[in-house]
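What follows is one structure encoded as structure tokens, with my remarks underneath.
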Amino acid sequence: MFNAFPKRPLLVLVMATVVWGSLMLFHEFRASLPTPEAVENIRADAQSEYAIAITLTFDAQGDAFSPLALRVSLDGVNEPLFESNMTVRAGVPVLIAPVAGIKVGVNELLVEVGSGTDFSDESATAFGGGAADAGEATEAPLHQVAHAIRVQVMANEDEIVDQTLWSEPGDTVSGLIVIDVPENTSVRATRVQQAGQ
Amino acid sequence: MLRRDLCVVLFALMTVSGVGVGQENQANKFIATCSTTQVADFTREIVGDRWEVRCILAAGQDPHTYETKPGDTKMVANADLIVRNGWHLEGHEWMMNLAKDANKPVVTCIDGVKSLILQGDGVEVKDPHAWLSPINASIYVRNIVKGVSQIDPEHRGEYEVRGELYIAQLRTLHLWAQREFNKIPRSQRVLISHHDAFNYFCALYGFQAASPGGWSTGNEIGAGITAERRQKVVDTIRSYNVKAIFVETTINPKLVRQIAADAGVKVAGSLYADSMGGPGTAAESYIGMMRENVIMIVNGLK
């Protein structure tokens with residue numbers, strides 16, 4: 001009688017149950033493990049009073065792709081320190097003070113400036129327009145000139161950064177400036193990580 | 001035997017759990033149904049994997065002359081958002097009609113573009129081929145970002161940053177195109193193709209455009225080939241001493257080849273106008289399509 005009992009399907013069913021059950025137990029065990037507590041990386045505020053001055057070699061304004069003229073952002077701060085879609089004049093420093101949010105350790109300052117090329121000016125590019133044919137000596141169009149911006153950062157009125165960022169011709173100027181604030185809150189080493197887009 | 005049975009059981013278990021996960025992922029996705037390959041590409045760039053993007057037209061199909069099929073009605077009915085070009089690019093507004101019938105929200109990508117007005121048979125029409133200017137393409141992208149954000153406001157930030165990155169790529173494309181076209185003297189910048197698809201492109205890069213086919217390949221007012229237009233093209237080729245003319249990937253090249261033979265110029269190649277290239281080709285994306293067009297035009301005319 002025992003021999004007539006269908007052993008194989010039963011065995012398969014038992015093994016499947018064991019496999020499935022083990023999997024469920026494993027999931028349950030994993031879920032029961034204590035969740036590692038996130039350790040918040042708290043950085044102290046830097047003690048100095050900071051100010052940023054930005055001076056352009058050109059009139060910064062938006063182009064046909066974006067209206068942005070000038071934006072300065074600090075890492076970890078949601079709102080930009082400064083943002084403008086209005087024309088920012090060449091040679092006139094834009095002063096941002098006081099600058100809140102600088103922490104002890106490495107701080108990233110992102111500066112983005114619109115190159116101000118008006119791509120939408122169809123009259124300048126239309127067939128047979130005022131510009132000369134290739135080969136003739138002409139003044140370089142605005143969008144073919146490289147642009148530069150000077151960024152100065154002051155801490156307690158001492159200059160701690162003085163860097164110039166350059167752009168590819170016609171492109172927006174964009175660069176990261178790293179401000180490393182040591183524990184003792186005196187500010188030192190800065191460097192430009194990347195200039196241009 | 002037992003081992004085989006066990007394998008079957010394990011496989012069945014894995015399949016069941018896998019199918020469940022797959023169904024969950026599909027069920028969470030919004031669906032955007034697009035009319036043309038270009039607007040579908042823009043939409044994909046913005047929504048990433050969060051949406052399923054479907055396109056009614058396949059690569060190489062002509063939006064002016066397309067006739068809707070029963071499957072299109074279903075595609076539109078299943079969509080959360082309809083994305084179309086507008087200004088009658090979709091011949092007789094077939095996409096808008098499908099969307100209205102299904103009562104679906106629509107993004108008209110061309111909204112906000114400064115239109116070029118075309119004259120034809122005594123009527124004025126807004127040229128719908130605005131995406132062939134990267135600047136206008138950035139307007140399309142912003143409209144799509146706005147449209148998908150209204151349907152899925154929770155992920156607005158995600159769509160906005162994707163849009164920003166894509167617009168930066170469009171700016172790079174535009175600067176590169178300017179540099180490339182600078183190799184062609186202005187006096188030689190005459191672009192002749194089958195129909196008036198390149199007016200925005202030509203206005204942006206200093207070309208004069210001419211075509212025998214009017215603003216549409218369909219039978220709308222002001223569109224179509226006329227003897228007068230054909231002769232004007234031949235005259236343009238001769239008077240400007242044009243080196244080469246171009247066919248388009250979505251249109252039978254016979255007419256352009258005849259014109260080239262009549263005027264004694266070569267056909268330099270096929271341009272992507274109303275449709276991108278098929279999957280696996282260099283022109284399977286908008287940026288790829290524009291890149292290939294620029295290279296083709298510079299090689300043909302310089």
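Nothing in this text is a laboratory measurement; each read-out follows from the coordinates by a stated rule. Everything numeric in this text was worked out from a predicted model, so none of it was measured. When we count neighbours, we look across all protein chains shown, and the Cβ atoms used for this are built from the backbone with ideal geometry, even at glycine.
Across region B:144-273, C-alpha contacts under 8 Å between residues 6 or more apart give a mean separation that, scaled by the residue count, equals a relative contact order of 18 percent.
Taking other C-beta atoms within 10 Å as the exposure proxy, A:D158, A:D75, B:D152, B:D41 rank A:D158, A:D75, B:D152, B:D41 from fewest upward. Kindly express, to the nearest 10 degrees and within the range 0 to 90, the angle between helix B:37-47's C-alpha long axis and the longest C-alpha principal axis of chain B. Long axis of B:37-47 versus the principal axis of chain B: about 40 degrees.
Output the 0 to 90 degree angle, nearest 10, between the alpha-carbon long axis of helix B:2-27 and the longest principal axis computed from the alpha carbons of chain B. For helix B:2-27, the angle is close to 50 degrees.
Between A:N78 and A:F5, the distance separating the two model label sites (each 7 Å from Cα on the Cα→Cβ line) works out to 6.7 nm. When each of B:H194, B:H92 is scored by the number of other beta-carbon atoms lying within 10 Å, the sequence from fewest to most is B:H92, B:H194.
When a/c reaches 1.5 or more, the comparison of a/b and b/c decides; with that in mind, is region B:46-101 rounded, prolate or oblate per its Cα gyration tensor?
prolate
Annotation note: GluC sites (Glu not before Pro) in region B:35-118 located in DSSP loop regions with a Cβ neighbour count of at most 10 within 10 Å are B:E67.
Taking every C-alpha pair closer than 8 Å and separated by at least 6 residues, the mean separation divided by the residue count of region B:100-167 gives a relative contact order of 28 percent.
This ranking places A:S167, B:S133, A:S66, B:S211 by how few other beta-carbon atoms lie within 10 Å of each, fewest first, which gives A:S66, A:S167, B:S211, B:S133. Entry note, chain B: relative contact order of 17 percent, from Cα contacts under 8 Å with a spacing of 6+ residues.
The value for chain B of Rg(Cα) / (2.2 N^0.38 Å) is 1.16. For region A:1-63, what class follows from the C-alpha gyration tensor (a ≥ b ≥ c being the square roots of its eigenvalues): rounded when a/c is under 1.5, otherwise prolate if a/b is larger than b/c, else oblate? Taking the square roots of the gyration eigenvalues as a ≥ b ≥ c, region A:1-63 is oblate.
Could you calculate the FRET efficiency of B:D101 with B:E158 from 1/(1 + (r/R0)^6), where r is the beta carbon distance between them and R0 is 35 Å, rounded to 0.05?
Taking R0 as 35 Å, the efficiency between B:D101 and B:E158 is 0.65.
Stokes-Einstein diffusion for region B:23-162 at 37 °C, viscosity 0.692 mPa s, with a Kirkwood radius from C-alpha pairs, works out to 212 µm²/s. Stokes-Einstein diffusion of region B:123-257 at 10 °C, 1.306 mPa s viscosity, Kirkwood radius from Cα pairs, rounded to a whole number: 94 µm²/s.
Is region B:141-216 best put as rounded, prolate or oblate by its Cα gyration tensor, with a ≥ b ≥ c the root eigenvalues, rounded for a/c under 1.5, and otherwise prolate when a/b is larger than b/c, oblate when not?
Taking the square roots of the gyration eigenvalues as a ≥ b ≥ c, region B:141-216 is oblate.
For labels at B:N241 and A:L176 in the simple 7 Å Cα→Cβ model, what's the distance in nm? Computed distance between label sites B:N241 and A:L176 equals 5.3 nm. In this structure, the residue pairs whose Cα-Cα separation is over 30 Å, taken from B:K146/B:K183; B:K29/B:K114; B:K100/B:K254; A:K103/B:K146; B:K114/B:K146, are B:K146/B:K183; B:K29/B:K114; B:K100/B:K254; A:K103/B:K146. Counting pairs of Cα atoms in region B:229-295, how many percent are more than 13 Å apart? Tail of P(r) above 13 Å: 65 percent of Cα pairs. Loop-located trypsin sites (Lys or Arg not before Pro) in region B:98-199 (DSSP state other than H, G, I, E, B) with a sparse environment of at most 15 neighbouring Cβ atoms within 10 Å: B:K114, B:K183. Calculated FRET efficiency, B:A58 to B:E124, Cβ-Cβ distance, R0 = 30 Å: about 0.40 to the nearest 0.05. Computed about its Cα centre, the charge dipole of region B:34-110 is approximately 160 debye, with only Lys, Arg, Asp and Glu carrying charge at their Cβ.
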